[in-house]
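Some notes on the structure that comes next.
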C-alpha cells in the first residue's frame, strides 16, 4: 500500500492485533509452524480485522461530516 491514510494505518494496526490474538490463542508465534487451516484462520483474522475497523472508522467520519453545515456562510 502506497501512502496509507491515517484510517488505513489504524486499520492495519487493528488487523495485526486481531491476528496476534489468534496466534496467542493457539500458543504459537512462529508462522512456519501453522497448519494450513491455522494459516487460513490467521489471514482471515487479519483481513477481517482490517476491513471491519476501516468500515467503522469510515462510519465515524461520515457521521461527523453529516453534522457539519452544508450552507455557504456568505
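Please treat every number below as a calculation from the coordinates, not as lab data. This structure is a prediction, so every number in the text was calculated from the model and none was measured. Using ideal geometry, Cβ is built from the backbone for each residue, glycine included, and neighbour counts are taken over all protein chains shown.
Sort largest first and round to whole Å: the equivalent ellipsoid semi-axes of the range 1-51, each the square root of five times a Cα gyration tensor eigenvalue.
On the way: eigenvalues 104, 20, 16 Å².
Equivalent ellipsoid of the range 1-51: 23, 10, 9 Å, largest first.
Computed FRET efficiency, Cβ-Cβ of residue 26 and residue 56, R0 22 Å: what is it to the nearest 0.05?
Using R0 = 22 Å, I get an efficiency of 0.25.
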Residue 10-residue 63 pseudo-label distance in nm [points 7 Å out on the Cα-to-Cβ vector]
1.2
Going 7 Å from the Cα of residue 48 toward and past its Cβ, which residues in the range 6-29 have a backbone nitrogen under 19 Å from where you end up?
11-28
